[in-house]
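The values are calculated or read from the model by the stated rules, or taken from the named source; none is laboratory data. Only a predicted model underlies this, so the values are computations on that prediction, with no experimental measurement involved. Positions of Cβ are generated from backbone atoms using ideal geometry, with glycine treated the same way; all protein chains shown enter the neighbour counts. Ligands, DNA and RNA are stripped out before the accessible areas are found, and what is left, the full protein with its side chains, is counted by its heavy atoms. Shrake-Rupley method; radii C 1.70, N 1.55, O 1.52, S 1.80 Å.
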Amino acid sequence: MNPMDAMQARHSVRQYQNRPLEAGVISAMQAEIAACNRESGLHIQLVTNEPDAFSGFMARYGKFHGVTNYLAMIGRKGADLEETCGYYGERLVLKAQELGLNTCWVAMTYRKVKTAFTVNPGEKLCIVIALGYGENQGIPHKSKSAGEVSAADGTPPDWFQAGVEAALLAPTAMNQQKFTFSLSGNRVSAKAGAGFYTKIDLGIAKYHFELGAGTGHFAWA
């Protein structure tokens, strides 16, 4: 499975098997996390065999079950933190899918277990991503049309349309899909709408757009 296949196959999963992550899977995820941290300056950490974060009322309210592994998306406080966490978090989500895991972005319905990860001075835990072997593969979300989230000067090229379609596969908070992609020449601008966690959603959608469009076709405005 390549990233494009993973993007098509990935759906949010909230119920997980009582099965520890395989050693090879952990090793592959740690390698990808290290690469993401080097590129982004983030402090992403993989937490394994930790049941407390998803054992409380909020997790049950969110219909989570069996979550003992998750990614802690941590980085230095700043205006770009949420978007950066979305972009690199989705890169890790698709890597997990390639490795046979299931995932779910989780903004609120978990408990912060401070001993499970390290937040250095000046850093912030932005969001977590549950992962493991799902009891199911999830279901596709309802989607807006490409015309509702994009605009272009004239007839858009195929690569732009492919990027927008890929972005529409991106998970967003409460399935808001509050992002827009605009094309002028070969420059693409991406903007987040108003709402909860839309900057994280924009980062996720931008990563999808790049996979669909191919980075050789355009530059971000």
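Being of a type in the set (Val, Ile, Thr), surrounded by fewer than 17 Cβ atoms within 10 Å (Cβ to Cβ) and in contact with a strand residue (DSSP E or B) (Cβ under 7 Å, 6 or more places away or on another chain) is the filter here; which residues of the stretch 119-147 pass it?
Residue satisfying the conditions is VAL119 alone.
Look through SER12, SER40, SER27 and report the one residue that is farther than 26 Å from ALA213 by Cβ and either in contact with a strand residue (DSSP E or B) (Cβ under 6 Å, 6 or more places away or on another chain) or surrounded by fewer than 20 Cβ atoms within 10 Å (Cβ to Cβ) (or both).
Just a single option satisfies the conditions, and that option is SER27.
Among the residues of the stretch 47-79 satisfying the criterion of being of a type outside the set (Phe, Trp, Tyr) and part of a strand (DSSP E or B), which is nearest to PRO20 (Cα to Cα)?
Restricting to residues being of a type outside the set (Phe, Trp, Tyr) and part of a strand (DSSP E or B), the top hit is VAL47.
Enumerate the pairs (first residue in the stretch 142-154 and over 11 Å from THR180 (Cα atoms); second residue anywhere and charged (D, E, K, R) and assigned to a loop (DSSP other than H, G, I, E, B)) with beta-carbon separation below 7 Å, excluding pairs fewer than 6 apart on the same chain, so at least 6 apart or on different chains.
The qualifying pairs do not exist here.
Can you find even one residue in the stretch 35-46 that is more than 21 Å from the chain's Cα centre (by Cα) and in a helix (DSSP H, G or I)?
For the stretch 35-46, residues more than 21 Å from the chain's Cα centre (by Cα) and in a helix (DSSP H, G or I): absent.
Condition first: at pLDDT below 95 and farther than 20 Å from SER145 by Cα. Now tell me which residues in the stretch 186-203 satisfy that.
Residues satisfying the conditions are ASN186, PHE196.
Would you please name the residue that is surrounded by the fewest Cβ atoms within 10 Å (Cβ to Cβ), looking only at residues in the stretch 188-221 that are of a type in the set (Lys, Arg) and closer than 19 Å to VAL93 by Cα?
Checked the stretch 188-221; the qualifying residue surrounded by the fewest Cβ atoms within 10 Å (Cβ to Cβ) is LYS199.
Whether any residue in the stretch 104-115 is surrounded by 17 or more Cβ atoms within 10 Å (Cβ to Cβ), under 23 Å from VAL13 (Cβ atoms) and modelled with pLDDT under 95 is what I want to check.
Yes.
Quickly run through the stretch 149-172 and pick out the residues that are part of a helix (DSSP H, G or I) and of a type in the set (A, V, I, L, M, F, W, C).
Hits for the stretch 149-172 are VAL149, TRP159, PHE160, ALA162, VAL164, ALA166, ALA167.
Taking the stretch 17-48, which residues are aliphatic (A, V, I, L, M), touching a residue at least 24 places away in the same chain (Cβ under 8 Å) and touching a Leu at 6+ places or on another chain (Cβ under 8 Å)?
Scanning the stretch 17-48 gives LEU21, VAL25, ALA28, MET29, ILE33, ILE44, LEU46, VAL47.
For the structure I just gave you, tell me whether VAL93 is buried (at least 17 other Cβ atoms within 10 Å of the Cβ), assigned to a helix (DSSP H, G or I) and not hydroxyl-bearing (Ser, Thr, Tyr).
Yes: the conditions hold for VAL93.
Take the residues of the stretch 157-187 that are more than 25 Å from GLN97 (Cα to Cα) and out of contact with any strand residue (DSSP E or B) (no Cβ under 6 Å at 6 or more places or on another chain): which is least open to solvent (accessible area, probe 1.4 Å)?
Among residues in the stretch 157-187 that are more than 25 Å from GLN97 (Cα to Cα) and out of contact with any strand residue (DSSP E or B) (no Cβ under 6 Å at 6 or more places or on another chain), the one least open to solvent (accessible area, probe 1.4 Å) is PRO157.
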